[in-house]
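The values are calculated or read from the model by the stated rules, or taken from the named source; none is laboratory data. Being a predicted model, the structure only gives us computed values, none of them experimental. Don't worry about glycine lacking a Cβ; one is built from the backbone with ideal geometry, like all the others, and counts go over all protein chains shown.
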Amino acid sequence: MARTALVTGGSRGIGAAISKALKAEGYNVVATYAGNDEKARAFTDETGIATYKWDVGDYEACKAGIAHVEEEHGPVDILVNNAGITRDAPFHKMTPQQWREVIDTNLTGLFNMTHCVWPGLRERKFGRIVNISSINGQKGQFAQANYAAAKAGDIGFTKALAQEGARAGITVNAICPGYINTEMMSTIPEKVMNEVILPQIPVGRLGEAEEIARCVVFLASEQAGFITGSTLSANGGQYLA
């Protein structure tokens, strides 16, 4: 029977590419989303991947949502914590709400989702947790104190939890994408892209969501059982951690 993989924020952008790649490898994939019902329906219609709506920043919503998923699809053995938001502002203009919203989704969301699947993974002596962090969690970024703090926290969470899961057959790893060619990047003016962003990337281009997805597929595989607590940088050489 195929293992069930749950991808948060899995119906759009990098998350959608991850969901599709895992399905192509034979996993039973389900995806969560936070708000865009129309996009989620279109994604399910296109791929056949079931989507479920809840806020990963809400522990009780995660607990109920995962219980529902496992009732319909079987135990979750692979969790990809991909859901993330930005609320960018220079620190002197950043509001407590902007701070909380990003921390709640991008960092507390990892605790909520992972905590709810952890007992089952330990009991079954197998699990794969893949946390999607960011290059900006490694190097920081202007006007992203909230986002960089959360994504750096994801890396610390990964390293600590990997030590707890190792003897139970659970691996916990992080991926730090650089600039990826998604809908979010399409809003950047061409001049800024060509004169500011691309010159920072030694390979001379944006990454593709499918390239991040292939990293996830490897780390989720049974063959990656000796890799845990690692941070995989996928940024075209922009930042060498």
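The number of residues in the range 62-71 that are crowded, with 18+ Cβ neighbours inside 10 Å and in contact with a helix residue (DSSP H, G or I) (Cβ under 9 Å, 6 or more places away or on another chain) comes to 3. In the range 219-241, of all residues being surrounded by 14 or more Cβ atoms within 10 Å (Cβ to Cβ) and of a type in the set (A, V, I, L, M, F, W, C), the one that is nearest to ARG128 (Cα to Cα) corresponds to ALA220.
Scanning the range 165-194 for residues that are more than 20 Å from TYR239 (Cα to Cα) and under 17 Å from the mean Cα position of the chain (by Cα) yields THR171, VAL172, GLU183, MET184. Please specify each residue of the range 28-39 satisfying the condition of being modelled with pLDDT of 95 or more and more than 17 Å from the chain's Cα centre (by Cα). Selection gives ASN28, ASP37, GLU38, LYS39.
When the residues of the range 166-178 are filtered to those that are surrounded by fewer than 21 Cβ atoms within 10 Å (Cβ to Cβ) and either out of contact with any Ser or Thr (no Cβ under 7 Å at 6 or more places or on another chain) or of a type in the set (D, E, K, R) (or both), the one that is farthest from LEU79 (Cα to Cα) is ARG167. If you filter the range 195-208 down to residues that are more than 19 Å from GLN141 (Cα to Cα) and of a type outside the set (A, V, I, L, M, F, W, C), you find that the one that is nearest to the chain's Cα centre (by Cα) is GLU208.
Flag: VAL130 does not match the condition of being β-branched (Val, Ile, Thr) and modelled with pLDDT under 95.
For every residue, the table says whether it meets (1) of a type in the set (S, T, N, Q); (2) in a loop (DSSP other than H, G, I, E, B); (3) within 24 Å of ARG3 (Cα to Cα); (4) out of contact with any strand residue (DSSP E or B) (no Cβ under 6 Å at 6 or more places or on another chain).
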site: ARG128; (1), (2), (3), (4): no, no, yes, no
site: ASN136; (1), (2), (3), (4): yes, no, no, yes
site: ILE175; (1), (2), (3), (4): no, no, yes, no
site: GLU211; (1), (2), (3), (4): no, no, yes, yes
site: ARG214; (1), (2), (3), (4): no, no, yes, yes
site: LEU219; (1), (2), (3), (4): no, no, yes, no
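Here PHE126, PHE111, PHE91, PHE43 are screened, and the one residue that is touching a residue at least 12 places away in the same chain (Cβ under 8 Å), exposed (fewer than 14 other Cβ atoms within 10 Å of the Cβ) and among the hydrophobic types (A, V, I, L, M, F, W, C) is PHE91. A single entry from ALA241, ALA224, ALA213 fulfils the requirement of being within 22 Å of GLY165 (Cα to Cα) and not basic (Lys, Arg): ALA224. Screening GLU211 against (1) acidic (Asp, Glu); (2) free of Cβ contacts under 8 Å to residues at least 60 places away in the same chain; (3) more than 22 Å from VAL29 (Cα to Cα) leaves a single unmet condition, (3).
Filtering the range 146-188 to residues that are at pLDDT below 95 and among the small types (Gly, Ala, Ser) leaves only SER186.
Here's the yes/no breakdown for (1) farther than 21 Å from LYS20 by Cα; (2) among the aromatic types (Phe, Trp, Tyr):
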| site | (1), (2) |
| --- | --- |
| LYS63 | yes, no |
| ILE66 | no, no |
| LEU79 | no, no |
| ASN82 | no, no |
| PHE91 | yes, yes |
| ARG100 | yes, no |
| ASP104 | yes, no |
| THR108 | yes, no |
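Just one of the numbered conditions (1) free of Cβ contacts under 8 Å to residues at least 12 places away in the same chain; (2) over 26 Å from GLU222 (Cα atoms) is not true of GLY156: (2).
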